[in-house]
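Worksheet: one structure, shown below.
Just so it is clear, none of the values below were taken in a lab; they were calculated from the coordinates. Since this is a predicted model, take the numbers as computed values, not measurements. Using ideal geometry, Cβ is built from the backbone for each residue, glycine included, and neighbour counts are taken over all protein chains shown.
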Amino acid sequence: MSELAQWGLFALIGAGTFAIRLSFIELYGVLRIPPLLRRALLYVPASVLAALVLPAVVYQDRPAVFDWHNPQIPAALLAALVAWRTRSALLTLGVGMGILWGLKSWMA
């Protein structure tokens, strides 16, 4: 593939991505989203966050091996419990990081 063809492909992919994102903004008031789909879309941010965070927590050194000696796992579980009970992002971050630092210093 020539360099010009690659740049053309990048431009097409960029335009396609822009068109998809713009369609949600421009067609928001025109299209009616069914209530079931609207309810399902409420869970998208949480699921994307979980998909980004969970591999970094579970696979500490990037091998595909689940290790219970990883201090990030209990810290993440306790932080999730704090988030669920208090709904406070600041307290969740503080507890999670405090437990993680404590476990790392205890295990070292």
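Which of (1) in a helix (DSSP H, G or I); (2) loosely packed, with under 10 Cβ neighbours inside 10 Å; (3) of a type in the set (Lys, Arg) is the odd one out, the single condition ARG21 does not satisfy?
Condition (2) is where ARG21 drops out.
Looking for something part of a helix (DSSP H, G or I) and either touching a His at 6+ places or on another chain (Cβ under 8 Å) or exposed (fewer than 11 other Cβ atoms within 10 Å of the Cβ) (or both) - is there at least one such residue anywhere in region 71-78?
Step one: filter region 71-78 for residues part of a helix (DSSP H, G or I), giving 72-78.
Filter once more, so that each one left must be either touching a His at 6+ places or on another chain (Cβ under 8 Å) or exposed (fewer than 11 other Cβ atoms within 10 Å of the Cβ) (or both): none.
The answer is no, given that none of the residues of region 71-78 is part of a helix (DSSP H, G or I) and either touching a His at 6+ places or on another chain (Cβ under 8 Å) or exposed (fewer than 11 other Cβ atoms within 10 Å of the Cβ) (or both).
Which of (1) within 30 Å of LEU103 (Cα to Cα); (2) not in a loop (DSSP other than H, G, I, E, B) does TRP68 not meet, given it meets every other one?
Among (1) within 30 Å of LEU103 (Cα to Cα); (2) not in a loop (DSSP other than H, G, I, E, B), TRP68 violates only (2).
Restricting attention to region 26-55, which residues are among the β-branched types (Val, Ile, Thr) and within 22 Å of the chain's Cα centre (by Cα)? Steps first, please.
Here is the first cut: in region 26-55, the residues among the β-branched types (Val, Ile, Thr) are 30, 33, 44, 48, 53.
Once the filter is applied, which keeps residues that are among the β-branched types (Val, Ile, Thr) and within 22 Å of the chain's Cα centre (by Cα), region 26-55 yields VAL44, VAL48, VAL53.
I'd like to know if region 82-95 contains one or more residues that are over 20 Å from the mean Cα position of the chain (by Cα) and of a type outside the set (Asp, Glu).
Step one: list which residues in region 82-95 are over 20 Å from the mean Cα position of the chain (by Cα), which gives 85-86.
Now drop any that are not of a type outside the set (Asp, Glu), which leaves 85-86.
Yes; the residues of region 82-95 include at least one that is over 20 Å from the mean Cα position of the chain (by Cα) and of a type outside the set (Asp, Glu).
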